[in-house]
Amino acid sequence: MTTKSPCLTRLVEVGAAHIDQLATLLIDCVEGGASVSFMHPLTRERASAFWRSVALDVAAGQRALWIAEDEGGVCGSVQLSFDLPENQPHRADLAKMLVHRRARRRGVGAQLLEAAEAYARDIGKLLLVLDSVTGGDGARLYERHGWQRVGDIPSYALFPQGGLCSTTYYYRRLDLPF
Ligand SMILES: CC(C)(COP(=O)(O)OP(=O)(O)OC[C@H]1O[C@@H](n2cnc3c(N)ncnc32)[C@H](O)[C@@H]1OP(=O)(O)O)[C@@H](O)C(=O)NCCC(=O)NCCS
């Protein structure tokens, strides 16, 4: 267990070293049972391919990406996607909130969430939307930070080791106080 506070960065360019460490992060979360689009076992090749596509979106300005780093390298990440229909320029989707198991329960997720919300506010977004496993660690994080629960969709996705899970949709108005 590390104790130093992680350092947060918004990446404007995502290089090979970052992709490698982000792949390690994603593999760790999937191994730990997080339902984040991928099934177990997640190969390094597939995980790296995912982050390479994220890197292209970041370069194209369609996505913002934050990393948290500790002594072991990248220990957390979150994204905002702006790749939305033309009638929704005022909002963004928050996605892939990931904290490595070695770094959990010391506020990294909260810091990533606050950074993404602050940036969205700075660039004039009024509304954020996300979905998260019903009753999961992510759901508690979002509810603690004032996200409004919309509702649950049963049997929405699979857990990485199998078995259906429900998802909960949340939104966060950025034009209103917490
Ligand atoms: C969801 C997730 C990102 C949370 O990350 P995290 O860094 O552990 O989040 P935080 O540390 O901010 O909060 C987690 C818990 O630690 C507690 N905590 C925060 N700082 C703490 C500290 N210094 N000491 C003790 N507890 C602390 C929080 O109160 C919270 O408690 P709770 O879960 O009982 O409500 C992480 O569990 C994760 O990556 N899960 C797998 C991927 C996933 O499911 N992502 C969500 C996709 S939508």
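The values are calculated or read from the model by the stated rules, or taken from the named source; none is laboratory data. This structure is a prediction, so every number in the text was calculated from the model and none was measured. Neighbour counts are summed over all protein chains in view; Cβ atoms, including those assigned to glycine, are modelled from backbone coordinates with ideal geometry. SASA here: full protein model, heavy atoms, side chains in, ligands and nucleic acids out. Shrake-Rupley method; radii C 1.70, N 1.55, O 1.52, S 1.80 Å.
Scanning the range 110-152 for residues that are in contact with a His (Cβ under 6 Å, 6 or more places away or on another chain) and within 14 Å of the ligand (Cβ to nearest atom) turns up just one, 113.
Taking the conditions (1) under 24 Å from residue 135 (Cβ atoms); (2) in contact with an Asp or Glu (Cβ under 9 Å, 6 or more places away or on another chain) in turn, residue 63 satisfies each one other than (1). For the range 33-64, the set of residues classified as part of a loop (DSSP other than H, G, I, E, B) and either open to solvent by 40 Å² or more (accessible area, probe 1.4 Å) or among the acidic types (Asp, Glu) (or both) consists of 37, 39, 40, 41, 43, 60, 61, 62, listed by residue number.
In the set (1) closer than 22 Å to residue 38 by Cα; (2) of a type outside the set (D, E, K, R); (3) within 12 Å of the ligand (Cβ to nearest atom), residue 107 fails one condition alone, (1).
The residue pairs whose first member lies in the range 126-147 and is over 17 Å from residue 80 (Cα atoms) and in contact (Cβ under 8 Å) with a residue 12 or more places away in the chain, whose second member is outside any strand (DSSP E or B) and more than 11 Å from the ligand (Cβ to nearest atom), and whose beta carbons are closer than 7 Å, counting only pairs six or more residues apart or on different chains, are 146/178.
This table checks each residue for (1) in contact (Cβ under 8 Å) with a residue 24 or more places away in the chain; (2) within 13 Å of the ligand (Cβ to nearest atom); (3) under 25 Å from residue 140 (Cβ atoms).
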{"site": "33", "(1), (2), (3)": "yes, yes, yes"}
{"site": "55", "(1), (2), (3)": "yes, no, no"}
{"site": "61", "(1), (2), (3)": "no, no, no"}
{"site": "64", "(1), (2), (3)": "yes, no, yes"}
{"site": "72", "(1), (2), (3)": "yes, no, yes"}
{"site": "86", "(1), (2), (3)": "no, no, no"}
{"site": "89", "(1), (2), (3)": "no, no, no"}
{"site": "101", "(1), (2), (3)": "yes, yes, yes"}
